[in-house]
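Below is one structure, written out as structure tokens, with a few remarks after it.
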């Protein structure tokens, strides 16, 4: 490169004299030879200092032009100073236009030599046989950087960019033609496109769901690259291409968490999470650990799940972690854990949640979900825990299955313990947080659909009209903690789940995002079929978050509502718990099921209000 620059500078000097004197063979004098020798000797150190030889030519950015101009300007000025000194010494006169022409021609030759070399080096980066043609949706900085990063690397070849802005249509950005989205179907067919990468920072937030829906219907794979601000080092931008997340397709609005509520609930506190290895429990642990509690205690009955979340937290946080292996139904273990560690906050996420499994195992569902909640909540009250949060479910509203009924019982138990704490003047808050399905949780349909699509189908859906509420696990965890901080005692909080989603439409969108078509009467080859298997025992076609939506009261957080509990109604839980305990001891499924639903559907009861039963009655053996 230095040799090439020396030749370029000498040619520039010769051309400057030739143009000025209108003579392609100007006379060679000793003065001109001296100036010709001095020109590279002055310029090369300047070029070195400004980094012209540090750049890798193959990846030379367009912005390098300005560095070349700056370096050539400094080199020319330095050369002019030497000319002036030579003229002062009587060594001859240099025409005034020669330095100006030298600067222009030298800049042109030095710059063009580099970019011609870059073009030659990149000539072999056209589409190869093993590369897959793709389009990038977006024409912003991230899209341009992604296109450049993919050029000649990996197995993708960028055919062009797609952008919604009409001002960009037909223009070239980063060397790629920009097409309007209306041409996507014909472009996909013309170029055999099998994948479209969405540059999400180039797509306005309000338009993303529509864009994803439009692209997903083309029968191609759809992936995305995050906002450039989320990428720490641009060199790894190619590795940031990922599958479209389902929550992006659902189009849920994002509300930033209230940091004051999170800090109030977690910072400096000793926190216990039951079911710490589960989907919600593990995400709660990650969130809690990031808010600097004084100690985090993981209570989990699964050895592997407990080990996995413990190792993850130990490698990513300095928060003291204490793992406890055991069940919430073990009263001695629960009391000892709360007492020995001085627990201040409890998040009770431990539960059997899989509807068909709990339906087939009624007694175990009751033992874990009802008596486990009773054990941990009573222990928390006795050990003076300041805040207790039960993670409930939308299936607790007018339940048709055992899992939902046990969750409703758990809400009632926590409500009554909160009433007892208030009556006794203890500064303790007990509350429940009710929400729908979380995307990607254990037993969720999303991982099941992904697995079925990967195997080529069919994708099994229970009923074409079935709907469910969905939210992401991180969002659910943040809202749970914030709801706990808002509790006044005895609350049932309801999280805003947005609009219900048809499971059939979710399956169809996941199939399309994977690059396949949905097999139907028109598409019989190459698609993935959806198979309807019928509603399973205990399932409902739709879920509800409220018994009566008119009774939902707003809180300071726009995505958290509080159920109105102004009425005082009696639920016959006291005697029913004795019946449940008897059913567990004798193994009578039907008695347990009947007792379970008789209490939940008590005609005298109104939803989401307090019970009048003293659950803290220590003389009754049902509580032990």
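The values are calculated or read from the model by the stated rules, or taken from the named source; none is laboratory data. Computed from a prediction, not measured in an experiment: that's the story for all the values here. Methodologically, a virtual Cβ is constructed for each residue, glycine included, from the backbone with ideal geometry; neighbour enumeration extends over all protein chains shown.
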For this session: Restricting attention to region 359-373, report how many residues are touching a residue at least 60 places away in the same chain (Cβ under 8 Å) and surrounded by fewer than 24 Cβ atoms within 10 Å (Cβ to Cβ).
Result: 6
Problem set entry | Of residues in region 320-375 being outside any helix (DSSP H, G or I) and more than 33 Å from the chain's Cα centre (by Cα), the one nearest to residue 592 (Cα to Cα) | 361
Problem set entry | Residue selected from region 39-64 under the condition part of a helix (DSSP H, G or I) and under 43 Å from the mean Cα position of the chain (by Cα), by the criterion nearest to residue 149 (Cα to Cα) | 59
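Given the criteria part of a loop (DSSP other than H, G, I, E, B), assigned by TED's automatic domain parsing to the domain that holds residue 117 and buried (at least 18 other Cβ atoms within 10 Å of the Cβ), does residue 94 qualify?
Yes.
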Exercise. Of everything in region 595-624 that's loosely packed, with under 14 Cβ neighbours inside 10 Å and assigned to a helix (DSSP H, G or I), which residue is modelled with the lowest pLDDT?
Worked result: 621
Exercise. Filter region 1-38 for residues that are under 54 Å from the mean Cα position of the chain (by Cα) and in contact (Cβ under 8 Å) with a residue 40 or more places away in the chain; which is surrounded by the most Cβ atoms within 10 Å (Cβ to Cβ)?
Worked result: 9
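Determine which member of the set 286, 252 is in a helix (DSSP H, G or I) and either modelled with pLDDT of 90 or more or touching a strand residue (DSSP E or B) at 6+ places or on another chain (Cβ under 7 Å) (or both). Quick ask: steps written out before the conclusion?
Working: 252 fails: in a helix (DSSP H, G or I).
Selected residue: 286, the only one of 286, 252 that is in a helix (DSSP H, G or I) and either modelled with pLDDT of 90 or more or touching a strand residue (DSSP E or B) at 6+ places or on another chain (Cβ under 7 Å) (or both).
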Exercise. Name the residues in region 203-228 that are at pLDDT below 75, part of a loop (DSSP other than H, G, I, E, B) and within 14 Å of residue 516 (Cα to Cα), would you?
Worked result: 217, 219
Exercise. Residues of region 1-37 being farther than 30 Å from residue 51 by Cα and either touching a helix residue (DSSP H, G or I) at 6+ places or on another chain (Cβ under 7 Å) or not in a loop (DSSP other than H, G, I, E, B) (or both), which ones?
Worked result: 18, 19, 20, 21, 24, 26, 30, 31
Exercise. Of all the residues that make up region 376-400, how many are crowded, with 19+ Cβ neighbours inside 10 Å, assigned to a helix (DSSP H, G or I) and either touching a strand residue (DSSP E or B) at 6+ places or on another chain (Cβ under 7 Å) or without any contact (Cβ under 8 Å) to a residue 60 or more places away in the chain (or both)?
Worked result: 6
Exercise. In region 512-530, how many are at pLDDT 70 or above and exposed (fewer than 12 other Cβ atoms within 10 Å of the Cβ)?
Worked result: 1
Exercise. Does region 401-424 contain any residue that is in the same structural domain as residue 487 (by TED's automatic domain parsing), under 20 Å from residue 337 (Cβ atoms), touching a strand residue (DSSP E or B) at 6+ places or on another chain (Cβ under 9 Å) and not in a helix (DSSP H, G or I)?
Worked result: no
Problem set entry | Qualifying positions in region 65-83 - more than 13 Å from residue 9 (Cα to Cα) and over 53 Å from the mean Cα position of the chain (by Cα) | 77, 78, 80, 81, 82, 83
